[in-house]
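K.L.:
What follows is a structure written as structure tokens; I'll ask about it next.
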Amino acid sequence: MVKIKIDGIEYEVDEKKNLISAAKDAGVDIPFFCYHPKLSVVGMCRMCLIEIEGILRLQVACNTKVTEGLSIVTKSDRVKEAREGTMEFLLANHPLDCPVCDKAGECQLQDNSFKEGKGNSRFTLEKRNIPQEEIGSNLIINHNRCIVCYRCVRFEEEMVGESNLGLFERGYHSIIGLAKEEPINHNYQGALADICPVGALLNHKTLFKSRVWWYKSEESVCPGCSTGCKTYTNVRDNKMFRYMPRIDEEKDQYFLCDKGRFNVDWLNTNRLFSFYKNGETSTSSTVLDEISEKISRSKKIAVIGGAHESDQNLKSIKESLSKLGVAFVTEARVSSEQYKEPEQIDFQYTTDKRPNTKGALDSGFVSTEGIDSIRSAAAKGEFDLIFVIKEKVSEILAGVPSESIVVLETNLTEDVTKAKYSVPIKAYSEQSGSFTNKKGWTQDFNKSMEAPKGLSSSAEIFSLLEKKTIELRSNTREAAVGNR
């Protein structure tokens, strides 16, 4: 830590951070466009101009090293005039289409224009008009809005490891465009739209779907893989529209991959809201009563899956199982990827597609035998009941008679109609809890959607089965005593 002065006030800041980030930690916002804490510094936008004591000319904050005794001024008349000039220059050709721009409401250009701009422009000529282009399988570029901050180019080269974009032409004619003939097709097109500080890069999947101020947002965690990226959920009319990255500089979390970001349809469509018996819709009382009756007569049961469930649900399920008075085995690891350290497919996405495998390991929701041994035992009929929590029965238990299988699912799948019993459960977004990611970080998520009335979580289902089974045994004992 070092001591620096900002606008005459002394602060203690981290010398390892960029000056813009260090000032933000001290509560001082320095406006910028091209700077990003995970990307190289280029100083292209000239928005972060500041005065440095002892230096005559204005300097860019993003390229100023944090050192002991540094003294800067961020609010002088010179700095204000320079920022106003930068904003006037950037807005000279920028179209006034905020009412139809998807970035409106979360746009750095809007924010900096209101805070640092003059409110008027001396530019009277016709603004340039370049046709919009599709540059990716889920990415379009509006050249007229682009301020040539170079963030997208640096992100691709430095984070994704590809060079699909480049800067072409010069001066007034400068544009960001495809550097190859093929369109962008990688896993970070959503991140490209995020990292763009204006509305130049946008995704087809969210285009014109909703205004950002209509969303209800909650802090959450991506359920797409074991990385456990922090997110904000964007919900409107109880429908999940998108995830947005929740930046955590301390844990080096800034981005979301497309596989996690856009995987929201399962929360909005084809949900399972009915109990099933033998492939037909049934009632909760019929299904749960029959499952409880089977448990009461069982010698051994298995619970497979659970790596999609929260730490709290897994702990509660184990507590309920221990009170049933039946031998049981649990195994959340149903794929080979879960039995080893997750491998990186790219810089974010991993081979383990479940968010809480580490949490299942930590809570003891795993067996010593492993899934292969359990599958073999199930095929031999060694389990009276097998509960499968949000996993594909057809892949895990191929050849096992459906008469012993109970599926707990959030969505209506083919497995639901083939199992003996199927029970609807809440999705993670309809609960609060935590996931433990591959690094052992336990990260909380808040409930962001309202579950349909009467829908229970997996933990609540097992708790209910526990009570019903204990009550059934008690009634059976009382009836036996009464018959003596």
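K.L.:
Run LYS209 past the list (1) outside any loop (DSSP other than H, G, I, E, B); (2) over 14 Å from the mean Cα position of the chain (by Cα); (3) of a type in the set (D, E, K, R) and report the number of the one that doesn't hold.
P.N.:
That leaves (1) as the condition not met.
K.L.:
ILE135: of a type in the set (A, V, I, L, M), in a strand (DSSP E or B), free of Cβ contacts under 8 Å to residues at least 60 places away in the same chain and touching a helix residue (DSSP H, G or I) at 6+ places or on another chain (Cβ under 8 Å), yes or no?
P.N.:
Against the criterion (of a type in the set (A, V, I, L, M), in a strand (DSSP E or B), free of Cβ contacts under 8 Å to residues at least 60 places away in the same chain and touching a helix residue (DSSP H, G or I) at 6+ places or on another chain (Cβ under 8 Å)), ILE135 does not qualify.
K.L.:
Determine which member of the set LEU96, LEU109 is assigned to a helix (DSSP H, G or I), within 26 Å of HIS173 (Cβ to Cβ) and of a type in the set (A, V, I, L, M).
P.N.:
LEU109
K.L.:
For the range 50-93, give me each residue that is open to solvent by 80 Å² or more (accessible area, probe 1.4 Å), part of a helix (DSSP H, G or I) and of a type outside the set (Lys, Arg).
P.N.:
Across the range 50-93, the qualifying residues are ASN63, ASP77, GLU81, PHE89.
K.L.:
Additional query: Return the total of residues in the range 146-176 being part of a helix (DSSP H, G or I), under 17 Å from VAL42 (Cα atoms), touching a residue at least 12 places away in the same chain (Cβ under 8 Å) and open to solvent by 30 Å² or more (accessible area, probe 1.4 Å).
P.N.:
2
K.L.:
Let me ask another. Any residue in the range 313-325 that is under 16 Å from LYS299 (Cα atoms) sitting within a Cβ distance under 6 Å of a residue that is charged (D, E, K, R) and open to solvent by less than 10 Å² (accessible area, probe 1.4 Å)? List the pairs, counting only those 6 or more apart or interchain.
P.N.:
none
K.L.:
Starting from residues that are of a type in the set (Gly, Ala, Ser) and free of Cβ contacts under 8 Å to residues at least 60 places away in the same chain, keep the ones in the range 177-216 and report whichever is farthest from TYR35 (Cα to Cα).
P.N.:
SER210
K.L.:
Are there any helices (runs of 4 or more DSSP H) wholly within the range 330-426 with 1 or more residues that are of a type in the set (Gly, Ala, Ser), and if so which?
P.N.:
357-362, 371-379, 393-396
K.L.:
Let me ask something else. Consider CYS34 against the criteria (1) open to solvent by 70 Å² or more (accessible area, probe 1.4 Å); (2) closer than 21 Å to CYS107 by Cα: it satisfies all of them except one. Which criterion is unmet?
P.N.:
(1)
K.L.:
If I go through the range 350-369 residue by residue, how many of them are crowded, with 24+ Cβ neighbours inside 10 Å and without any contact (Cβ under 8 Å) to a residue 40 or more places away in the chain?
P.N.:
0
K.L.:
Oh, and also: Determine, yes or no, whether LYS315 is in the same structural domain as GLU430 (by the TED database), open to solvent by 10 Å² or more (accessible area, probe 1.4 Å), farther than 19 Å from ILE470 by Cα and not β-branched (Val, Ile, Thr).
P.N.:
Yes: the conditions hold for LYS315.
K.L.:
Grab the strands (runs of 3 or more DSSP E) fully contained in the range 235-318, keeping just those with 3 or more residues being closer than 26 Å to PHE383 by Cα and among the β-branched types (Val, Ile, Thr).
P.N.:
By residue number, 300-305.
K.L.:
Does any residue of the range 277-300 turn out to be out of contact with any Ser or Thr (no Cβ under 9 Å at 6 or more places or on another chain), open to solvent by less than 70 Å² (accessible area, probe 1.4 Å), polar (S, T, N, Q) and within 24 Å of ASP444 (Cβ to Cβ)?
P.N.:
The answer is no, given that none of the residues of the range 277-300 is out of contact with any Ser or Thr (no Cβ under 9 Å at 6 or more places or on another chain), open to solvent by less than 70 Å² (accessible area, probe 1.4 Å), polar (S, T, N, Q) and within 24 Å of ASP444 (Cβ to Cβ).
K.L.:
LYS118 passes all but one of (1) assigned to a helix (DSSP H, G or I); (2) closer than 19 Å to PHE33 by Cβ; (3) among the basic types (Lys, Arg); (4) open to solvent by 80 Å² or more (accessible area, probe 1.4 Å); which number fails?
P.N.:
Of everything listed in (1) assigned to a helix (DSSP H, G or I); (2) closer than 19 Å to PHE33 by Cβ; (3) among the basic types (Lys, Arg); (4) open to solvent by 80 Å² or more (accessible area, probe 1.4 Å), LYS118 misses just condition (1).
The values are calculated or read from the model by the stated rules, or taken from the named source; none is laboratory data. These numbers were taken from a predicted model, which means no experiment stands behind them. Reconstructed Cβ throughout: ideal geometry from the backbone, glycine too, with neighbour counts over all protein chains shown. Side chains included, ligands, DNA and RNA excluded: accessible areas come from the protein's heavy atoms. Shrake-Rupley method; radii C 1.70, N 1.55, O 1.52, S 1.80 Å.
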